[in-house]
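Read the structure below first, then the notes.
The values are calculated or read from the model by the stated rules, or taken from the named source; none is laboratory data. Since we're looking at a predicted model, the values are computed, not measured. Positions of Cβ are generated from backbone atoms using ideal geometry, with glycine treated the same way; all protein chains shown enter the neighbour counts. These area figures cover heavy atoms from the full protein model, side chains too; ligands, DNA and RNA do not enter into them. Shrake-Rupley method; radii C 1.70, N 1.55, O 1.52, S 1.80 Å.
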Amino acid sequence: QVQLVESGGGLVQAGGSLRLSCAAPGGTFSSYAMGWFRQAPGKERELVAGISWSGDSTNYADSVKGRSTISKDNAKNTVYLQLNSLKPEDTAVYYCAAARSIATLFQRVIQYWGQGTQVTVSS
């Protein structure tokens, strides 16, 4: 069992930046592909960004491409999502997720979920 704990969410003005972190205290996700999903009120949960277990491969949703960077530090058991040029439509609860591979991440076959962190972007 791997527990995922997100942090770094908050209230930010449009155009600002946030860095979300997802840690696995007492565990490891070095062999997992990791992803960030988000869910806005009344909307389905969507995959925002994913990274392979090695960190060599990344993928982004069109909605955040060019404005975000996902990275993984296996030594620290932490994955990050840097969000820049934030827009009000980025407002959502952001969830960290672990999957067996980046393919299953995109198939939403998720092994572990975090509890989520709220990101609110004001206009």
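Quick look at the values:
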{"item": "Extension gain, residue 28 back to residue 89 (0.36 nm per residue minus Cα-Cα distance, nm)", "result": "18.7 nm"}
{"item": "Euclidean distance between Cα centres, region 4-33 to region 71-92, Å", "result": "6 Å"}
{"item": "Gain in span if fully extended, residue 122 to residue 69, counting 0.36 nm per residue against the direct Cα distance", "result": "17.0 nm"}
{"item": "Anchor residue 65: lysines whose Cα lies under 25 Å away (excluding residues fewer than 8 positions away in-chain)", "result": "43, 87"}
{"item": "Solvent-accessible heavy-atom area per residue, rounded to whole Å², over region 6-60 at 1.4 Å", "result": "48 Å²"}
{"item": "222 nm mean residue ellipticity, helices alone, for the chain (DSSP H n ≥ 4; -39,500 (n - 2.57); rounded to 500)", "result": "-1000 deg cm²/dmol"}
{"item": "Cα→Cβ-extended label distance, 7 Å offset, between residue 111 and residue 13, nm", "result": "4.3 nm"}
{"item": "Accessible surface of the chain [probe 1.4 Å, protein heavy atoms]: carbon and sulfur percent", "result": "47 percent"}
